[in-house]
Amino acid sequence: MLRIGIMGGTFDPVHYGHLVAAEQAWYRFGLDKVVFVPTGRPPHKPESQVSDAHHRLRMTVLATQSNEHFEVSSVEVDRPGPTYAIDTVRQFRDAYPPGTALYFITGADAILTMMEWKDSDTLVQLCEFVAATRPGYQLADERIREIFGPAAHRIHFFEVPALAISSTDIRDRVRTGRPIRYLLPDAVMDYIAGAGLYRD
Ligand code: NAP
């Protein structure tokens, strides 16, 4: 049986926290591969706050190309209209053989809002969720059961120390002229400089 990770995120920009989270999830859940899926038009964010999808897609390709079990998909960037996880998961369901196990991997803060996402009841039946947490993040099992109800056993929280790195901090650093080297791959750092991203 195939086991596929769908690594969902804005990736503005992608950084080592994301890469470590994906690698740890690949190992821990015995995944065959992890497919990074940069969001197209997130419904919960004003468009002006997010960099152009083609930049985020390109940076994600640069960051992942040296890992043979990482891939990048442009399904969300290519799909017109607002980006909903349910549409992406359905596309993955159709693309892989019946019985393939899908794991939607993303940040814990995003997953905590998942029951408000479009068609969340169907979504939890189509895939399991892997919620990557930053160091020191605590959430009682009781609270998880309260939020997710009977689907709670399909949500897996796991700590990723490298997620002390954040995209928001990296954007702030670029804006204020502070270094970002070693927070993300050099190729992504060079791309940000070349494209003039995150400077006001
Ligand atoms: P976000 O609100 O920008 O991020 C929430 C937190 O999670 C941030 O701390 C972020 O850190 C972290 N994070 C985001 N992606 C991550 C990843 N792949 N691995 C580890 N940490 C991650 O969330 P978002 O990026 O917009 O959305 C995350 C995913 O949820 C996307 O795939 C999105 O499509 C999906 N989503 C779907 C719906 C829907 O279907 N209605 C609604 C909301 C979100 P960084 O800023 O450092 O990345």
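The values are calculated or read from the model by the stated rules, or taken from the named source; none is laboratory data. Nothing here was measured: the structure is a model prediction, and the numbers come from that model. Positions of Cβ are generated from backbone atoms using ideal geometry, with glycine treated the same way; all protein chains shown enter the neighbour counts.
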Positions within segment 19-32 being within 14 Å of I6 (Cα to Cα), away from the ligand (no atom under 13 Å from the Cβ) and either acidic (D, E) or touching a Phe, Trp or Tyr at 6+ places or on another chain (Cβ under 7 Å) (or both), in sequence order
F29, L31, D32
Scan (1) in a strand (DSSP E or B); (2) over 14 Å from the mean Cα position of the chain (by Cα) for the single condition Y103 breaks and write down its number.
(2)
Is one or more of the residues making up segment 172-195 modelled with pLDDT of 95 or more, in a helix (DSSP H, G or I), within 16 Å of the ligand (Cβ to nearest atom) and of a type in the set (D, E)?
yes
Would you please name the residue that is nearest to the ligand (Cβ to nearest atom), looking only at residues in segment 45-64 that are without any contact (Cβ under 8 Å) to a residue 24 or more places away in the chain and assigned to a loop (DSSP other than H, G, I, E, B)?
P46
For segment 34-92, which residues satisfy the criterion of being exposed (fewer than 15 other Cβ atoms within 10 Å of the Cβ) and charged (D, E, K, R)?
K45, E47, D52, E68, D78
Going through (1) over 19 Å from A132 (Cβ atoms); (2) part of a helix (DSSP H, G or I) one by one, M1 fails only at (2)
Quickly run through segment 75-91 and pick out the residues that are touching a Gly at 6+ places or on another chain (Cβ under 6 Å) and within 8 Å of the ligand (Cβ to nearest atom).
E76, T83
M115 fails exactly one of the following numbered conditions: (1) of a type outside the set (D, E); (2) in contact with a Gly (Cβ under 9 Å, 6 or more places away or on another chain); (3) under 21 Å from F36 (Cα atoms); (4) part of a helix (DSSP H, G or I). What is the number of that condition?
(3)
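Taking segment 150-171 as the search range and keeping residues that are among the aliphatic types (A, V, I, L, M) and part of a helix (DSSP H, G or I), which one is nearest to T133 (Cα to Cα)? Steps first, please.
Initial filter on segment 150-171 (among the aliphatic types (A, V, I, L, M)): 151-152, 155, 160, 162-165, 170.
When the remaining residues are screened for being part of a helix (DSSP H, G or I), the result is 151-152, 162-164, 170.
Values: A151: 19, A152: 16, A162: 10, L163: 7, A164: 9, I170: 18 Å.
It comes out as L163.
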Within segment 90-115, track down each residue that is acidic (D, E) and at pLDDT 95 or above.
D94
Hey, K33 hits all of (1) within 18 Å of M189 (Cβ to Cβ); (2) of a type in the set (D, E, K, R); (3) without any contact (Cβ under 8 Å) to a residue 60 or more places away in the chain but one; which does it fall short on?
(1)
Count of segment 17-33 residues which are over 12 Å from the mean Cα position of the chain (by Cα) and either buried (at least 20 other Cβ atoms within 10 Å of the Cβ) or part of a helix (DSSP H, G or I) (or both):
6
For segment 100-119, how many residues are more than 7 Å from the ligand (Cβ to nearest atom) and surrounded by fewer than 16 Cβ atoms within 10 Å (Cβ to Cβ)?
4
Are any residues in segment 5-16 under 22 Å from Y182 (Cβ atoms) and buried (at least 20 other Cβ atoms within 10 Å of the Cβ), and if so, which ones?
M7, G9, T10, F11, D12, P13, V14, H15
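Yes or no: P150 modelled with pLDDT under 95, under 29 Å from Y191 (Cβ atoms) and more than 12 Å from the ligand (Cβ to nearest atom)?
Details: modelled with pLDDT under 95: yes; under 29 Å from Y191 (Cβ atoms): no; more than 12 Å from the ligand (Cβ to nearest atom): yes.
Judged against the criteria, P150 is not a match.
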